[in-house]
Amino acid sequence: MENLFVLDFETTGLNPYLNDVIEIAVKKIGENDSYQTLVKPEELPPGLVKYVPPFITKLTGINDQMIIENSMNPDNAITKTVEYINERSSRGPIYIISHNGTTFDFIILRRLMKKYQISERFIKRLKYVDTLLFSKMFIKDGRFRQQDLCKRYNIVNDSEHRAMGDILALEKLYLSLYDEYSLINDREIKVNEIIEEIYI
């Protein structure tokens, strides 16, 4: 199996440039282990008394008490995420797979790696696969949210909007998309071909 990793962030809002990460999960496709942690925002925004806004708690189930009791600082969280990926990677590119990653998760990942000075050598190895864009390459109708695509492939996610639940479902979704796309093309597709199709 190539260096394929599914990644998901939960955050305090919908702006990947401004909002804080409150949970990270990452898993190498085909491996049994994974890495997940709650993340403590560096400081409360001025005028606010809660780390996690009520609408995010309602969506994810993550609340302030969980952050206070079970989280780590963002610099440690991104360092451990990178360590997990590094330790399970062979030579060559490392593919980070997220749903809607182009406008959300990949922006956050780059932001954190820059802020906490992850090595340029590691960053240059990263390639990005957005399963939202990938699915639109060959699925001609329907909706393209992760939960809608999971329904298409009969993938059950018992923990939607929690990072671990979403990456476990995303792993299955990526493999299902890959198999269907390979079948349409009547050959096994290389990951770099998917990237070229998406981004060229």
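None of the figures in this text is laboratory data; all of them are computed from the coordinates on show. Source: prediction; values computed, not measured. We place every Cβ from the backbone using ideal geometry, glycine too, and count neighbours over all the protein chains shown.
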request  = With unit charges on the beta carbon (Lys/Arg positive, Asp/Glu negative), name the residue among T60, S90, T79 whose Cα is farthest towards the positive pole of the charge dipole of the stretch 54-100.
outcome  = S90
Once the Cα gyration tensor of the stretch 102-141 is diagonalised, semi-axes √(5λ) in Å = 28, 11, 4
remark   = Taking Cα pairs closer than 8 Å and at least 6 residues apart, the relative contact order of the chain in percent is 23 percent
Restraint check, K58/K151; K40/K151; K50/K124; K140/K190; K50/K115; K28/K190, Cα-Cα greater than 28 Å = K40/K151; K50/K124
task = Quick one: compute the contact order of the stretch 32-110, relative version, from alpha carbon pairs under 8 angstrom and 6+ residues apart, as a percent.
result = 32 percent
message = Under a Cβ-only charge scheme (Lys and Arg +1, Asp and Glu -1), can you give me the dipole magnitude of the chain about the Cα centre, in debye to the nearest 20?
response = 360 debye
query = So which chymotrypsin sites (Phe, Trp or Tyr not before Pro) in the stretch 151-200 pass both tests, a DSSP loop state and at most 15 other Cβ atoms within 10 Å of the Cβ?
reply = Y153
note = For D8, the net charge from surrounding residues (Cβ-Cβ under 10 Å; K, R +1; D, E -1) works out to -2
Viscosity 1.306 mPa s, temperature 10 °C, Stokes-Einstein D of the chain from Kirkwood C-alpha radius, µm²/s = 91 µm²/s
task = Would you calculate a helix-derived [θ] at 222 nm for the chain, using -39,500 (n - 2.57) for each DSSP H run of n ≥ 4 and dividing by the full residue count, to the nearest 500?
result = -13000 deg cm²/dmol
query = Restricting attention to the stretch 166-200, which GluC sites (Glu not before Pro) occupy a DSSP loop and are surrounded by at most 13 other Cβ atoms within 10 Å?
reply = E188
